[in-house]
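Worksheet: the structure to be examined is printed underneath.
The values are calculated or read from the model by the stated rules, or taken from the named source; none is laboratory data. These numbers come from a predicted model, not from an experiment. Here the Cβ positions follow ideal geometry from the backbone for every residue, glycine too, while neighbour counts run over all protein chains shown. With ligands, DNA and RNA removed, areas are computed over all heavy atoms of the protein, side chains included. Shrake-Rupley method; radii C 1.70, N 1.55, O 1.52, S 1.80 Å.
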Amino acid sequence: MAVLHSAPKFASNEGVLDALTAALDGKFVAGREEHGEVVITVARAEIANALRILRDEHEYQQLMEIAGVDYPDRAERFEVVYCLLSVTKNHRVIVKTCAAEDTPVPTVTTLWPVAGWLEREVFDMFGVIFDGNTDLRRILTDYGFEGHPFRKDFPLTGYVELRYSEEDKRVVYEPVQLAQDLRQFDFMSPWEGADYVLPGDEKAEGAKS
């Protein structure tokens, strides 16, 4: 008979924030508990070192996700969010850092190879640059796409469309063309003195005769 197991409960947050704050001395900016998660903000230049400490000394072995957040009114408008999981402690922690449009964030591909794909996604959607990522290409949008769709100032409409060009072997941008069936219009009017017969008049003539 099959045995149903309930989902594992994550360990308590008790003492975690204090321990990680002390471990990240000099790299730590802010920390809090939010919605049951421990959230830590670290200095941008120290993000790779901070995550290495959490991985090697505090058993947060797995990088589950890297996400981006855009706050256009801030001087450093982007937040890069790292979601870590400790398999041995059954616990999660969220680490954040901030960046502007022209301030690169150190890559963490040297810690987790999967970060290459995750950093590419944040770069594609938000335009955040990851210093040290040797393959920082778009991953979700088309080859010739311009802009970053998850920026809150990204235009939702435009006057160009893109298609794949067999001639150029790449995606190209072109002005929008609204195709429609060819129609011919004859604006002559029989009431303007021209000898003009409207379609269907021949039926009326036949009825008179």
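Below, the figures for the structure above:
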read-out	value
Number of positions in the stretch 25-40 that are crowded, with 16+ Cβ neighbours inside 10 Å and either of a type outside the set (D, E, K, R) or under 22 Å from the mean Cα position of the chain (by Cα) (or both)	5
Subset of the stretch 127-166 that is in a strand (DSSP E or B) and free of Cβ contacts under 8 Å to residues at least 24 places away in the same chain - its residue that is farthest from residue 114 (Cα to Cα)	160
Residue selected from the stretch 82-115 under the condition among the β-branched types (Val, Ile, Thr) and not in a strand (DSSP E or B), by the criterion least open to solvent (accessible area, probe 1.4 Å)	108
Candidates 96, 89 - the one that is among the charged types (D, E, K, R) and at pLDDT below 95	89
Search result, residues across the stretch 44-74 that are in contact with a strand residue (DSSP E or B) (Cβ under 6 Å, 6 or more places away or on another chain) and either of a type in the set (Val, Ile, Thr) or without any contact (Cβ under 8 Å) to a residue 12 or more places away in the chain (or both)	47, 66, 69
Every residue from the stretch 60-71 that is open to solvent by 20 Å² or more (accessible area, probe 1.4 Å) and either touching a Leu at 6+ places or on another chain (Cβ under 6 Å) or modelled with pLDDT under 95 (or both)	62, 64
Hits in the stretch 72-81 - residues which are open to solvent by 40 Å² or more (accessible area, probe 1.4 Å) and of a type in the set (A, V, I, L, M, F, W, C)	75
Scope the stretch 118-164; condition open to solvent by 60 Å² or more (accessible area, probe 1.4 Å), closer than 25 Å to residue 53 by Cβ and touching an Asp or Glu at 6+ places or on another chain (Cβ under 9 Å); matching residues	129
